[in-house]
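Just below is one structure, and these are the notes that go with it.
No value in this document is a laboratory result; all are computed from the given coordinates. All figures in this text were calculated on a predicted structure; none of them were measured in a lab. Cβ placement follows ideal geometry from the backbone for every residue including glycine, while neighbour counts extend to all protein chains displayed.
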Amino acid sequence: MFKINDIKKIEKFYKQNGYVCVKNIVDKKLINDIFTSLIHIYNKHASNKINIKNNIYKDLGFHKKLISFRKIDKKKFGLIYDDLKITASSNYLARDPRLLKLASILLSEKEEKSLAVSGVMTRIDCPFDQRNRLDWHQEHRYYLQNDYGKNGLFMHVPLHDVDENSGSLKVKPKSHKEKLIMIKPMKRKSKLESLNYDHHSKTLDKYKTVSMEMKKGDLLFVNLDTFHASGFNQSEKVRFTLISRVHRVLSKDFNSYREGPNIFS
């Protein structure tokens with residue numbers, strides 16, 4: 001884990017290992033704004049209201065209400081998730097110029113303003129949830145904006161302290177050397193389940209596993225080809241994580257695309 005002024009060390013570690021963690025670089029006000037948006041959206045859908053207050057994550061009652069609502073109404077809970085990921089608060093953090101500047105350095109891109117940001121979402125992972133847990137995968141298999149994994153990265157921002165008990169992200173260092181492995185997705189039991197890929201153990205076992213225990217304000221960058229997996233939340237609290245993908249638009253391997261409108265019928 002590095003401090004922001006260790007740029008050369010950050011670059012070297014990232015290129016060698018396919019990931020890097022930077023300490024205390026994320027604006028905590030932007031994190032707190034996401035929690036405020038979450039509460040407003042929750043209160044729109046739920047009758048058992050949550051009051052906005054400082055350090056809401058430490059309030060066990062806050063977590064109990066969210067967990068209970070997910071059990072009572074999975075569809076409306078899904079709407080909270082969908083709404084939160086397109087809020088300005090989630091996108092302000094995902095597109096913070098300080099974070100994109102560092103991303104541009106890791107991607108060898110001269111101008112961070114020409115980077116593309118996609119797949120912004122704030123994950124809401126309840127305790128002991130298996131339905132939306134992602135097993136070992138490469139982010140590149142889901143996001144094909146660039147042909148080469150070196151020209152994109154996955155940004156992972158825990159919105160509070162995380163350890164193995166709360167399900168910190170697992171990473172396999174140096175596994176980005178495998179490049180993109182194109183395999184078919186596994187069958188899902190329902191549309192509510194996350195899409196997983198069944199990678200061969202011979203590939204995965206070549207690399208050790210690191211659990212990314214992080215503090216609020218820390219940031220993790222992961223090469224699109226690096227194998228990583230969701231941790232298992234065994235705590236009594238919901239785990240919240242802002243994630244996004246960053247792509248080099250100016251590289252020759254970029255696959256231009258257009259984000260279409262949502263059609264409501």
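Centre-to-centre separation between the Cα atoms of the range 5-75 and those of the range 123-157: 17 Å.
Result for the chain in a Gaussian network model with C-alpha springs under 10 Å: among SER108, SER201, SER37, the largest mean-square fluctuation is at SER201.
For the range 7-248, the relative contact order works out to 33 percent when only alpha carbon pairs closer than 8 Å and six or more residues apart are counted. Mind pulling the angle between the C-alpha long axis of helix 28-45 and the longest principal axis of the chain? Nearest 10 degrees, somewhere in 0 to 90. So the helix axis and the longest Cα principal axis differ by about 40 degrees.
Suppose R0 equals 25 Å; then what is the FRET efficiency for GLN130 and LYS202 from their Cβ-Cβ distance, rounded to the nearest 0.05? Spell out each step's value before the answer.
Numbers: r = 25 Å, r/R0 = 0.99.
Here the calculated transfer efficiency is 0.50.
Placing unit charges on the Cβ atoms of the charged side chains and taking the dipole of the chain about its Cα centre, the candidate lying farthest along the positive direction among ILE50, LEU106, LEU153 is ILE50. Charges only on Cβ, +1 for Lys and Arg, -1 for Asp and Glu: so what's the dipole of the chain about the Cα centre, in debye to the nearest 20? Charge dipole, the chain, about its Cα centre: 220 debye, nearest 20. Annotation for ASP27 and LYS110: the two label points, set 7 Å from Cα along the Cα-Cβ direction, are 2.7 nm apart. Under the simplified labelling scheme, the LYS15-GLU164 pair shows an inter-label distance of 3.3 nm, with each label point 7 Å from Cα along Cα→Cβ.
Highest GNM mean-square fluctuation among GLY149, GLY217, GLY78, for the chain modelled with Cα contacts below 10 Å: GLY78.
Taking loop as defined by DSSP and a crowding limit of 14 other beta carbons within 10 Å, which GluC sites (Glu not before Pro) in the range 208-264 fit?
On the way: sites: GLU213, GLU236, GLU259; in loops: GLU213, GLU236, GLU259.
Passing both the DSSP loop test and the Cβ count: GLU236, GLU259.
Calculated mean residue ellipticity, 222 nm, the chain: -8500 deg cm²/dmol, from DSSP H runs (n ≥ 4) at -39500 (n - 2.57) each, averaged per residue and rounded to 500. Taking label points 7 Å from Cα along the Cα-to-Cβ direction, ILE4 and LEU79 give a separation of 3.8 nm. Using the Cβ-Cβ distance between LYS58 and LYS252 with R0 set to 45 Å, the FRET efficiency from 1/(1 + (r/R0)^6) comes to roughly 0.40.
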